[in-house]
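Written below as structure tokens is the structure these notes are about.
The values are calculated or read from the model by the stated rules, or taken from the named source; none is laboratory data. On a predicted model such as this, the values are computed, not experimentally measured, just so you know. Cβ: placed from backbone, ideal geometry, glycine included. Neighbour counts: every protein chain shown.
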Amino acid sequence: MKRIAITRKVSPAIENCELTHLERQPISYEIASRQHDDYEALLEDLGYVVQSLDPVSDLPDSVFVEDAAVVLEELAVITRPGAESRRAETDSIARALEPWRKLAFIEDPATLDGGDVLVIGKRVWVGLSSRTNQDGVDQLRAILEPRGYQVRCLDLRECLHLKTAVTLLRPASTPGERDTIIINPQWIDREVFEGLTVIEVDPSEPSAANALLVGETVVLSTAFPKTLRRLEDAGIDVRTVDATELAKAEGGLTCCSLIFEA
Ligand code: CIR
């Protein structure tokens, strides 16, 4: 088994990124690139082969590869990102995934960002956001349900993507055990996740719910020390990385990679 992480270097145009909930502020390309290099090095350290794509100067948000695809065991779904400025990101991601997975495609008029799709086993939650529309949910459902997945959609409040508000920390390892997730209850109703073990972010760290599960380890931004303590108290193995510069572009930790086994 080979563990693969597809990433893409930061675009020199990162300052022109899309912004929805944050005020625009200067973003240092140098600092963002250095932090992204550290992120890639951490993935390698955790046993992943990092396939790092070249930067694209005319696609400011192209470092956020998560939004261009949803990678499952059987296939990869190439998305149609909600922001028009991001649509051209998908071609190169499709090429990078082609050696590893059969591909399916989300098509016009649907829009879907990978950041809105949370997969836990055969259960898939899709956030209806400013980026993902009902057609996007319906097309994803039509692709996945015949393959045994259960797809449900939910509304988001005040955050960009579903995975800004909730991510998987620890999948159940035995049939009786529960999956563990982290959520920000301000942005998503915890009732939606009945039957799962829920850890809440520290209220002073609203963006800490975007944690990245890499194998058996959870990667968290250094910006969230209080939430880190909550995860450690729950017995979760956590590593941290400084991701503060790309956070100014509304990017979190899941956004910067597509992680899967080949
Ligand atoms: C955007 O607005 O599309 C980018 N500036 C940030 C995308 C972050 N991606 C993610 O949360 N999956």
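Points to keep in mind about this one:
- Failed criterion for T227 (all others in (1) among the β-branched types (V, I, T); (2) modelled with pLDDT of 95 or more; (3) surrounded by fewer than 23 Cβ atoms within 10 Å (Cβ to Cβ) hold): (3)
- Unmet requirement for G252, which otherwise passes all of (1) within 15 Å of the ligand (Cβ to nearest atom); (2) over 17 Å from L43 (Cβ atoms); (3) not charged (D, E, K, R): (2)
- Annotation: of all residues in the stretch 244-262 being modelled with pLDDT of 95 or more and over 14 Å from the mean Cα position of the chain (by Cα), the one that is surrounded by the most Cβ atoms within 10 Å (Cβ to Cβ) is A249.
- For the stretch 109-142, filtering for residues that are part of a helix (DSSP H, G or I) and either acidic (D, E) or touching a residue at least 24 places away in the same chain (Cβ under 8 Å) (or both) leaves 9.
- Condition check for E205: surrounded by 18 or more Cβ atoms within 10 Å (Cβ to Cβ), away from the ligand (no atom under 15 Å from the Cβ) and either under 17 Å from the mean Cα position of the chain (by Cα) or more than 30 Å from R101 (Cβ to Cβ) (or both): yes
- Summed over the stretch 165-185, residues that are at pLDDT below 95 and of a type in the set (V, I, T) total 1.
- The stretch 36-62, residues that are among the aromatic types (F, W, Y) and either more than 17 Å from the chain's Cα centre (by Cα) or within 15 Å of the ligand (Cβ to nearest atom) (or both): Y39
- Which numbered condition T180 fails, given (1) closer than 22 Å to L46 by Cα; (2) among the hydroxyl-bearing types (S, T, Y); (3) within 16 Å of the ligand (Cβ to nearest atom): (3)
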